[in-house]
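The values are calculated or read from the model by the stated rules, or taken from the named source; none is laboratory data. This is a predicted model, so every value here is computed, not measured. Because the Cβ atoms are built from the backbone with ideal geometry, glycine has one as well, and the counts that use them run over all protein chains shown. Quick note on the areas: whole protein, heavy atoms, side chains included, nothing else; ligands and nucleic acids left out. Shrake-Rupley method; radii C 1.70, N 1.55, O 1.52, S 1.80 Å.
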Amino acid sequence: MSQTSYDSYRESVAGRADVEDTPELVAYYRELEQLKTGALWTVANKIEPWEPKSDSVPVLWRYRDLREHVLRSVSLVTPEKAGRRVIYLDNPGRRDVAAAVGWLYSGLQVMHPGEAASAHWHSSSALRFIMEGRGAYTIVDGHKMTLGANDFVLTPNGCWHEHGVEADGLPCIWQDGLDIPLVNALEAGFYGVHPDMHQAVTYPVDDSVGLWGGRALRPHDVKWDKPYSPLFKYQWEPTYEALLSYGKVAEGNPFDCLLMHYTNPKTGGHVMSTMGASMQMLRPGFVGKAHRHTGSFLYQVAKGSGYSIINGQRFDWQEHDIFCVPSWAWHEHVNASSTEDACLFSFNDLPVMEKLSLYYEEALAENDGHQPVISTPA
Ligand code: 1HN
């Protein structure tokens, strides 16, 4: 059955609401409205879709378009005035909640050498992926971390956090990812400003990497019972090495090639309660097949170039570009180079989907597993 005839079959199928308006019914609906009630059959088909329908649209944010605008904000506002100097990613389908995709927020933050943004905490979880610069640092609950390109760092919910760039560094840009839209939807958002504006650094610099960054080794004497990873920083070099090692002994999978998840070294699970993150390597010439799953995803190109087809739209990407894959959108990734690997960083709301038993996935069965390309955005 073609998609169109399947859709019309679904519209007419028995068991779905199919009540036509009559003057009497319309008057009845008005009376119900007065009582702050409604007839379920008027909304049932909308609130119970046959399958997930995302309001988010697939978007590619090209770094070459964004970078100069992000840098321009430095001369327009100070971090002191702005709180956080960030240009956020505004999905046209999610403007009302300031989400980049689904219930995930993201933005590009810029700081100049010598600048420091004050400490605060919130009940949202946050993560950062460093794009460029030198000398960036972040302090999380007294743990200071030095940050370089393609490092991935956590600021879990409830932790005091602040960022800056050392005076002898270079302008830094990183991608922030937060679950703010989700936390707001759940009406659980809290925010607090540090009484002293800045925290004391109370641990050795980069101690979380020293303690917990030993791959499969964990420290005997260190206790950890928080619901997020004790390893706050995942450096690029060991991440890339892990992907290369993985690729030497395994094929990977037909959709994502070599996909590895950043994990909490204590549990092996996701890094935080609401957001997970991954890095994947597409081998030179890799042509992925299409699949779809629930959960919202934001990708950043950490290395290389290629394209992804998302719900029939082709998006050509290069280093530092960001794109989103909405829940239940068909997607397939291609590495355009026959000699260089391509690496995609991504973060997602999978911990939530999994905890709520809402994770579903399927492969595209038709057309040898590839979507017909309907359009290529300008
Ligand atoms: C936040 O705390 C940061 O800590 C960045 O740098 C972006 C967007 C909304 C709410 C809190 C940061 C944010 C944010």
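Residues checked against (1) under 30 Å from residue 220 (Cβ atoms); (2) out of contact with any Asp or Glu (no Cβ under 9 Å at 6 or more places or on another chain); (3) of a type in the set (A, V, I, L, M, F, W, C):
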residue	(1), (2), (3)
246	yes, yes, no
250	no, yes, yes
259	no, yes, yes
262	yes, yes, no
271	yes, yes, yes
message: With the requirement that a residue be free of Cβ contacts under 8 Å to residues at least 60 places away in the same chain and assigned to a strand (DSSP E or B), what does the stretch 250-286 give you?
response: 253, 258, 259, 260, 261
Close pairs from the stretch 152-166: first closer than 14 Å to residue 230 by Cα and open to solvent by 10 Å² or more (accessible area, probe 1.4 Å), partner among the small types (Gly, Ala, Ser) and away from the ligand (no atom under 12 Å from the Cβ), Cβ under 8 Å, at least 6 apart: 157/273
query: For the stretch 253-289, which residues satisfy the criterion of being among the aliphatic types (A, V, I, L, M) and surrounded by 20 or more Cβ atoms within 10 Å (Cβ to Cβ)?
result: 258, 271, 272, 275, 277, 279, 281, 282
- prompt: Condition test on residue 361, is it open to solvent by 40 Å² or more (accessible area, probe 1.4 Å), in contact (Cβ under 8 Å) with a residue 12 or more places away in the chain and charged (D, E, K, R)?
  reply: yes
query: Among the residues of the stretch 112-130, is any crowded, with 18+ Cβ neighbours inside 10 Å, among the basic types (Lys, Arg) and more than 23 Å from residue 160 (Cβ to Cβ)?
result: no
Candidate set from the stretch 171-183 (those that are among the aliphatic types (A, V, I, L, M) and assigned to a strand (DSSP E or B)); member that is nearest to residue 89 (Cα to Cα): 178
Criterion violated by residue 246 - all others in (1) surrounded by 11 or more Cβ atoms within 10 Å (Cβ to Cβ); (2) within 22 Å of residue 144 (Cβ to Cβ) satisfied: (2)
message: Go through the stretch 69-82 and report how many residues are under 23 Å from the mean Cα position of the chain (by Cα), without any contact (Cβ under 8 Å) to a residue 40 or more places away in the chain and open to solvent by less than 30 Å² (accessible area, probe 1.4 Å).
response: 0
Residue ID - nearest to residue 293 (Cα to Cα), chosen from residues in the stretch 48-85 that are within 16 Å of the ligand (Cβ to nearest atom) and among the polar types (S, T, N, Q): 73
- prompt: Are any residues in the stretch 281-316 charged (D, E, K, R) and within 26 Å of residue 148 (Cβ to Cβ), and if so, which ones?
  reply: 283, 303
message: Any residue at all in the stretch 184-203 that's modelled with pLDDT of 95 or more, within 16 Å of the ligand (Cβ to nearest atom) and part of a helix (DSSP H, G or I)?
response: yes
- request: Kindly provide the set of residues from the stretch 214-237 that are in a loop (DSSP other than H, G, I, E, B), open to solvent by less than 40 Å² (accessible area, probe 1.4 Å) and over 17 Å from residue 161 (Cα atoms), ordered by number.
  value: 214, 219
message: Residues that are more than 13 Å from the ligand (Cβ to nearest atom) and within 21 Å of residue 193 (Cβ to Cβ), at least 1 per element: which strands (runs of 3 or more DSSP E) completely within the stretch 126-165 meet that?
response: 143-147
- request: Find the strands (runs of 3 or more DSSP E) located wholly in the stretch 61-124 whose residues include 1 or more that are under 24 Å from residue 142 (Cβ atoms) and touching an Asp or Glu at 6+ places or on another chain (Cβ under 6 Å), and list them.
  value: 105-111, 116-122
task: Please name all residue pairs, on different chains or six or more residues apart, with Cβ atoms under 7 Å, provided the first residue is in the stretch 21-41 and is free of Cβ contacts under 8 Å to residues at least 24 places away in the same chain and the second residue is among the aromatic types (Phe, Trp, Tyr) and in a helix (DSSP H, G or I).
output: 39/29
- prompt: Do we have any residue at all in the stretch 86-96 that's of a type outside the set (D, E, K, R), touching a helix residue (DSSP H, G or I) at 6+ places or on another chain (Cβ under 6 Å) and surrounded by 15 or more Cβ atoms within 10 Å (Cβ to Cβ)?
  reply: yes
